[in-house]
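Student: Here it is, the structure in full.
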Amino acid sequence: MDRSEFQENTRITVTYKDRNGKLRPGNFYVFKLFDEFMIVRSTDNDGLFRKMAYNDVVKIVKTKPADRSHFFTVPDELLEEKMWRDRETMFHYASAPGRGK
(Lines give C-alpha, C1' and ligand atoms only; values in the text may rest on other atoms or scores of the structure.)
Protein backbone atom coordinates (compact mmCIF):
# COMPACT_ATOMS: atom_id res chain seq x y z
CA MET A 1 0.00 0.00 0.00
CA ASP A 2 1.07 3.59 -0.42
CA ARG A 3 0.08 6.95 1.02
CA SER A 4 -2.41 7.79 -1.73
CA GLU A 5 -4.75 5.03 -0.55
CA PHE A 6 -5.29 6.65 2.87
CA GLN A 7 -6.85 9.91 4.06
CA GLU A 8 -6.71 11.78 7.35
CA ASN A 9 -9.74 11.78 9.67
CA THR A 10 -11.10 8.48 8.40
CA ARG A 11 -11.95 5.19 10.06
CA ILE A 12 -10.42 2.16 8.40
CA THR A 13 -10.69 -1.59 8.78
CA VAL A 14 -7.55 -3.34 7.55
CA THR A 15 -5.49 -6.49 7.57
CA TYR A 16 -1.98 -5.59 8.69
CA LYS A 17 1.30 -7.26 9.66
CA ASP A 18 2.27 -7.01 13.32
CA ARG A 19 5.88 -6.81 14.60
CA ASN A 20 6.32 -10.55 14.15
CA GLY A 21 4.97 -10.52 10.60
CA LYS A 22 1.70 -12.20 11.56
CA LEU A 23 -1.43 -10.97 9.78
CA ARG A 24 -3.96 -9.29 12.08
CA PRO A 25 -7.32 -7.54 11.58
CA GLY A 26 -7.65 -4.03 12.94
CA ASN A 27 -9.91 -1.00 13.15
CA PHE A 28 -8.16 2.35 13.22
CA TYR A 29 -8.78 6.08 13.10
CA VAL A 30 -6.24 7.77 10.81
CA PHE A 31 -4.92 10.99 12.34
CA LYS A 32 -1.95 12.08 10.25
CA LEU A 33 -0.16 10.95 7.10
CA PHE A 34 3.58 11.31 6.59
CA ASP A 35 5.83 10.15 3.74
CA GLU A 36 6.88 6.82 5.31
CA PHE A 37 4.15 6.13 7.86
CA MET A 38 0.83 7.25 9.33
CA ILE A 39 -0.33 7.90 12.89
CA VAL A 40 -3.43 5.88 13.76
CA ARG A 41 -5.41 5.09 16.89
CA SER A 42 -6.82 1.65 17.53
CA THR A 43 -10.60 1.86 17.87
CA ASP A 44 -11.31 -1.74 18.82
CA ASN A 45 -8.72 -2.91 21.33
CA ASP A 46 -6.38 -0.90 23.47
CA GLY A 47 -6.88 2.64 22.14
CA LEU A 48 -3.15 3.11 21.61
CA PHE A 49 -1.72 5.54 19.11
CA ARG A 50 0.49 3.69 16.64
CA LYS A 51 3.02 4.50 14.00
CA MET A 52 1.99 2.28 11.10
CA ALA A 53 4.04 1.95 7.94
CA TYR A 54 2.03 1.90 4.74
CA ASN A 55 3.67 -1.35 3.62
CA ASP A 56 2.48 -3.05 6.86
CA VAL A 57 -1.10 -2.76 5.58
CA VAL A 58 -1.87 -5.79 3.44
CA LYS A 59 -5.50 -5.07 2.61
CA ILE A 60 -8.01 -2.27 3.19
CA VAL A 61 -11.35 -3.88 3.99
CA LYS A 62 -13.43 -0.77 4.65
CA THR A 63 -12.96 2.99 4.74
CA LYS A 64 -15.39 5.47 6.23
CA PRO A 65 -14.89 9.23 6.57
CA ALA A 66 -15.45 10.36 10.16
CA ASP A 67 -18.29 12.74 10.88
CA ARG A 68 -17.15 16.10 12.16
CA SER A 69 -18.91 15.40 15.45
CA HIS A 70 -16.84 12.21 15.85
CA PHE A 71 -13.39 13.66 15.14
CA PHE A 72 -10.81 12.66 17.71
CA THR A 73 -8.86 15.75 18.75
CA VAL A 74 -5.42 15.58 20.29
CA PRO A 75 -2.70 18.18 20.86
CA ASP A 76 -0.85 18.99 17.64
CA GLU A 77 2.48 18.18 19.29
CA LEU A 78 1.49 14.50 19.53
CA LEU A 79 1.10 14.35 15.76
CA GLU A 80 4.46 15.86 14.81
CA GLU A 81 6.85 13.63 12.89
CA LYS A 82 9.74 14.27 15.28
CA MET A 83 7.67 12.90 18.18
CA TRP A 84 7.43 9.52 16.41
CA ARG A 85 11.04 9.01 15.27
CA ASP A 86 11.99 6.59 18.06
CA ARG A 87 8.51 5.48 19.06
CA GLU A 88 6.09 2.81 17.82
CA THR A 89 3.15 3.26 20.21
CA MET A 90 1.84 5.86 22.64
CA PHE A 91 -0.87 5.88 25.28
CA HIS A 92 -2.76 9.17 25.62
CA TYR A 93 -5.56 9.75 28.09
CA ALA A 94 -7.56 12.95 27.85
CA SER A 95 -10.01 14.12 30.46
CA ALA A 96 -12.81 16.62 30.17
CA PRO A 97 -13.98 18.54 33.24
CA GLY A 98 -17.49 18.87 31.86
CA ARG A 99 -17.87 15.13 31.45
CA GLY A 100 -17.01 14.13 35.00
CA LYS A 101 -13.75 12.42 34.14
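Student: Could you tally the net charge around ASP18, taking each other residue with its Cβ under 15 Å from the Cβ of ASP18, Lys/Arg +1 and Asp/Glu -1?
Tutor: Every neighbour counted, the sum reads +3.
Student: For the chain, which whole-number percentage of the solvent-accessible area (1.4 Å probe, protein heavy atoms only) is attributable to carbon and sulfur atoms?
Tutor: 45 percent
Student: To continue, here is another question. Over 18 Å between Cα atoms: which of LYS17/LYS51; LYS22/LYS82; LYS17/LYS59; LYS22/LYS62; LYS62/LYS82 fall into that group?
Tutor: LYS22/LYS82; LYS22/LYS62; LYS62/LYS82
Student: Would you mind telling me which residue in ASN27, ASN45, ASN55 has the biggest mean-square fluctuation in a Gaussian network model of the chain, where springs connect alpha carbons within a distance under 10 angstrom?
Tutor: Comparing ASN27, ASN45, ASN55 in a Gaussian network model of the chain, the most mobile one is ASN45.
Student: Moving to a separate point now. To the nearest 20 Debye, how big is the dipole of the chain about its Cα centre, given +1 on the beta carbon of each Lys and Arg and -1 on that of each Asp and Glu?
Tutor: The calculation lands at about 420 debye.
The values are calculated or read from the model by the stated rules, or taken from the named source; none is laboratory data. Please read these numbers as outputs of a predicted model, since none were measured by experiment. Virtual Cβ from ideal backbone geometry, glycine too; neighbours counted across all protein chains shown. To get the accessible areas, we keep the full protein, side chains included, count just its heavy atoms, and leave off ligands, DNA and RNA. Shrake-Rupley method; radii C 1.70, N 1.55, O 1.52, S 1.80 Å.
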